[in-house]
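**Q** Let me begin by handing over the structure; questions about it come next.
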Amino acid sequence: MDVTMRLDKFLKISRIIKRRAVAKEAAEKGRIQINGTIAKPSANVKIGDELTIQFGTKIITAKVERLDTSTKKRRCRKNVLAH
């Protein structure tokens with residue numbers, strides 16, 4: 001069984017987006033894709049998924065390398081590889 005995490009929670013914990021509410025809003029507006037499919041905030045993210053996030057005119061592509069449960073246990077900035 002694959003380990004998964006909600007998209008909005010992953011974006012907050014990985015520090016791609018600082019607040020979960022902002023991550024949720026971005027997903028609701030269709031600005032986030034998982035493996036090329038527009039994702040809802042409740043979509044599950046798993047290791048190996050590729051995320052595409054649109055911030056205005058800037059587009060970030062990131063690959064999920066691991067899923068941490070908290071930012072307090074250790075630094076999580078290495079969760080993704082920016083392309």
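**Q** Sketch the reach of a paramagnetic label on residue 4 as a point 7 Å from Cα along Cα-to-Cβ, and name the residues of the stretch 29-46 whose backbone nitrogen lies under 11 Å away.
**A** Of the residues in the stretch 29-46, 42-46 have backbone N under 11 Å from the label point off residue 4.
**Q** What net charge is computed for the residues neighbouring residue 6, neighbours being all others with C-beta under 15 Å from the C-beta of residue 6, Lys and Arg scored +1, Asp and Glu -1?
**A** So the environment of residue 6 carries a net charge of +1.
**Q** Next up: Check the straight Cα-Cα distances from residue 40 and name the aspartates and glutamates below 18 Å, setting aside those fewer than 8 residues away within the same chain.
**A** Qualifying aspartates and glutamates at Cα under 18 Å: 8, 25, 28, 49, 50.
**Q** Something else about it: Tell me the label-point distance for the pair residue 37, residue 22, using the 7 Å Cα-to-Cβ offset, in nm and rounded to one decimal.
**A** Using points 7 Å along Cα→Cβ, the separation is 2.8 nm.
No value in this document is a laboratory result; all are computed from the given coordinates. Here the structure is a predicted model, which is why all the values come from computation and not from measurement. For neighbour counting, all protein chains shown are included, and Cβ atoms are generated from backbone atoms with ideal geometry for every residue, glycine included.
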